[in-house]
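Engineer: Dumping the structure here so I can ask a few things about it.
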There are 2 protein chains.
Amino acid sequence: MVGIGPGGPLDRTRRAEQAIAGSQVIVGYTRYLDLIRDLTAGKELIATGMTREVERCRIALARAREGQTVALVSSGDPGIYGMAGLVLELAAAENAAVAIEIIPGVSSSGAAAARLGAPLMCDFATISLSDILVPWDTIRARLEAVASADLVTVPYNPRSKKRRWQLAEAAAIFRAVRPGTTPVGIGTAVGTAEESMVLTDLANFLESEIGMRSIVIIGNRSSRRLGDWFITPRGYAL
Amino acid sequence: MVGIGPGGPLDRTRRAEQAIAGSQVIVGYTRYLDLIRDLTAGKELIATGMTREVERCRIALARAREGQTVALVSSGDPGIYGMAGLVLELAAAENAAVAIEIIPGVSSSGAAAARLGAPLMCDFATISLSDILVPWDTIRARLEAVASADLVTVPYNPRSKKRRWQLAEAAAIFRAVRPGTTPVGIGTAVGTAEESMVLTDLANFLESEIGMRSIVIIGNRSSRRLGDWFITPRGYAL
């Protein structure tokens with residue numbers, strides 16, 4: 001299970017590159033395989049569609065059980081809303097006696113934060129707005145808890161073609177307890193050629209273009225803009 | 001501002017290596033400079049002690065204002081309890097007209113999670129227990145909020161020689177709402193030669209050795225052990 005970071009070759013760690021170079025079979029979502037073309041000449045590539053996570057893990061495990069060295073690639077960090085947990089669960093369910101190593105990567109939220117400034121310098125929470133696997137009541141309660149506790153918040157999976165209202169409801173929860181001027185940063189396709197970054201605020205951010213490849217970071221009551229940067233001060237005396 | 005990941009050369013991204021290679025002056029805490037010895041031959045190295053964060057940033061900015069290309073290095077991700085925010089604040093306070101780039105790294109919590117399994121697969125919060133810069137009442141309220149909202153939690157800066165009781169109070173907050181069998185993972189000096197990993201539970205984890213170089217991950221009510229792995233299931237139907 002190899003995390004390749006959010007974007008192109010510069011975001012990869014040496015450990016990730018070594019793991020891919022040392023594998024015979026590379027399994028991944030089509031777009032992730034495109035990001036590592038420079039490392040995969042002569043290897044067997046198995047690409048699957050975006051929503052086929054379980055299938056991708058099963059294929060990787062089946063090949064490993066046949067004795068092949070397999071790299072299951074994931075953008076960002078595979079341990080943060082990625083497929084690391086799924087592959088461990090499936091290996092246990094199948095009683096697969098294969099050695100599994102999880103190689104972390106730069107997370108997409110860490111990469112977006114770095115391009116925006118330093119919004120995650122203090123306490124923060126990441127909460128997925130996807131109510132496909134978790135009921136919305138649970139998600140809403142979590143959002144309310146972290147909004148009240150003044151945590152900087154990263155709403156993962158903020159919006160897709162089918163899920164539109166969840167981000168608006170999340171925004172309303174934060175607006176109830178934080179000023180409309182609270183900085184909100186949006187990074188889309190961070191690290192790739194299509195990257196776009198927007199620095200806006202809690203009152204206005206819903207008007208920005210936000211999709212499945214976007215990371216949204218909502219500041220807390222201490223967060224502020226400093227020129228073009230978005231920072232959350234840690235409280236050092238300067 | 002360059003993040004070099006939690007451990008040795010394998011944890012670094014190519015972007016971080018390029019930035020260090022392209023700099024004339026390297027500033028950092030002594031131990032971080034030791035981790036990048038292979039990249040710094042012929043460069044000017046400026047090492048400062050652990051608690052001298054403000055001094056380190058000022059030195060880096062002063063050199064940059066003199067026209068030198070400076071890499072201020074940080075282990076893990078400089079944007080997560082690192083120095084990215086501090087350097088931006090100081091640059092603004094000093095009106096320093098220097099170009100600043102923040103290069104993210106694999107975070108120490110992401111690295112510890114990968115070695116433990118997949119504990120951060122779902123919603124999680126990171127909260128620092130250091131009450132040097134943030135009042136304990138604020139920290140306690142945040143811990144109570146995320147404990148009740150059933151978020152996997154990473155208490156950063158869990159313990160130091162001088163701060164001993166904070167982790168015990170945090171543990172009590174989680175024990176009030178989660179079973180004693182809840183998995184807790186501890187990674188110390190992750191990615192280095194001194195790395196040690198422990199998988200224990202909420203009832204017993206305070207007995208483990210935990211220090212300034214430790215990352216503690218407290219599971220939520222869905223987290224569980226799967227053999228030697230610590231996972232938080234995301235809810236896929238297998």
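Engineer: Consider A:R178 carefully, then state whether it is crowded, with 16+ Cβ neighbours inside 10 Å and charged (D, E, K, R).
Structural biologist: The answer is yes for A:R178.
Engineer: What is the residue count in the range B:15-52 for residues that are within 14 Å of chain A (Cβ to nearest Cβ) and crowded, with 17+ Cβ neighbours inside 10 Å?
Structural biologist: 8
Engineer: Which of the residues belonging to the range A:3-16 are free of Cβ contacts under 8 Å to residues at least 60 places away in the same chain and more than 23 Å from A:G49 (Cα to Cα)?
Structural biologist: Passing the criteria: only A:R14.
Engineer: While we're here: If I filter the range B:102-117 down to residues being within 7 Å of chain A (Cβ to nearest Cβ) and part of a helix (DSSP H, G or I), which single residue comes out as surrounded by the most Cβ atoms within 10 Å (Cβ to Cβ)?
Structural biologist: Looking at residues that are within 7 Å of chain A (Cβ to nearest Cβ) and part of a helix (DSSP H, G or I), I get B:A113.
Engineer: Can you name every residue in the range B:150-167 that is more than 30 Å from A:G76 (Cα to Cα) and either within 16 Å of the chain's Cα centre (by Cα) or within 10 Å of chain A (Cβ to nearest Cβ) (or both)?
Structural biologist: Selection gives B:S160 alone.
Engineer: Of everything in the range B:153-172, what is touching a helix residue (DSSP H, G or I) at 6+ places or on another chain (Cβ under 9 Å) and under 22 Å from B:I80 (Cβ atoms)? Give them in sequence order.
Structural biologist: Correct list: B:T153, B:V154, B:P155, B:Y156, B:N157, B:P158, B:R159, B:Q166, B:L167, B:A170.
Engineer: Hey, among B:R37, B:R15, which residue is more than 17 Å from A:A113 (Cβ to Cβ) and among the basic types (K, R)?
Structural biologist: Result: B:R37 is the single residue among B:R37, B:R15 that is more than 17 Å from A:A113 (Cβ to Cβ) and among the basic types (K, R).
Engineer: Here's another thing I want to ask about it. Which ones in the range B:118-128 are buried (at least 24 other Cβ atoms within 10 Å of the Cβ) and either modelled with pLDDT under 95 or at the interface with another protein chain (Cβ under 7 Å from one of its Cβ atoms) (or both)?
Structural biologist: Within the range B:118-128, B:A118, B:L120, B:M121, B:C122, B:D123, B:F124, B:A125, B:T126, B:I127 meet the criteria.
Engineer: Let me ask something else. Which one of these is more than 10 Å from chain B (Cβ to nearest Cβ), of a type outside the set (D, E), in contact (Cβ under 8 Å) with a residue 12 or more places away in the chain and buried (at least 21 other Cβ atoms within 10 Å of the Cβ): A:A170, A:A147?
Structural biologist: That would be A:A170, the only listed residue that is more than 10 Å from chain B (Cβ to nearest Cβ), of a type outside the set (D, E), in contact (Cβ under 8 Å) with a residue 12 or more places away in the chain and buried (at least 21 other Cβ atoms within 10 Å of the Cβ).
Engineer: Could you tell me which residue of the range B:213-237 is surrounded by the most Cβ atoms within 10 Å (Cβ to Cβ), considering only residues that are farther than 21 Å from B:V146 by Cα and at pLDDT 90 or above?
Structural biologist: By that ranking, first place goes to B:W229.
Engineer: Let me ask you something else. Please pick out the residue among B:A19, B:A41 that is over 30 Å from B:K162 (Cβ atoms) and either part of a loop (DSSP other than H, G, I, E, B) or free of Cβ contacts under 8 Å to residues at least 60 places away in the same chain (or both).
Structural biologist: B:A41
Engineer: Can you find a residue that is aromatic (F, W, Y), touching a strand residue (DSSP E or B) at 6+ places or on another chain (Cβ under 8 Å), buried (at least 18 other Cβ atoms within 10 Å of the Cβ) and in a loop (DSSP other than H, G, I, E, B) anywhere in the range B:64-84?
Structural biologist: Yes, that holds for at least one residue.
Engineer: Regarding B:L120, is this residue touching a residue at least 40 places away in the same chain (Cβ under 8 Å), outside any helix (DSSP H, G or I) and either in contact with a Leu (Cβ under 7 Å, 6 or more places away or on another chain) or not aromatic (F, W, Y) (or both)?
Structural biologist: For B:L120, the condition - touching a residue at least 40 places away in the same chain (Cβ under 8 Å), outside any helix (DSSP H, G or I) and either in contact with a Leu (Cβ under 7 Å, 6 or more places away or on another chain) or not aromatic (F, W, Y) (or both) - is met.
Engineer: Residue by residue through the range B:61-97, note down the ones that are more than 10 Å from chain A (Cβ to nearest Cβ) and in contact with a Gly (Cβ under 9 Å, 6 or more places away or on another chain).
Structural biologist: Result: B:T69, B:A71, B:L72, B:V73, B:S74, B:S75.
The values are calculated or read from the model by the stated rules, or taken from the named source; none is laboratory data. All of these numbers come straight from a predicted model, not from anything done at the bench. We place every Cβ from the backbone using ideal geometry, glycine too, and count neighbours over all the protein chains shown.
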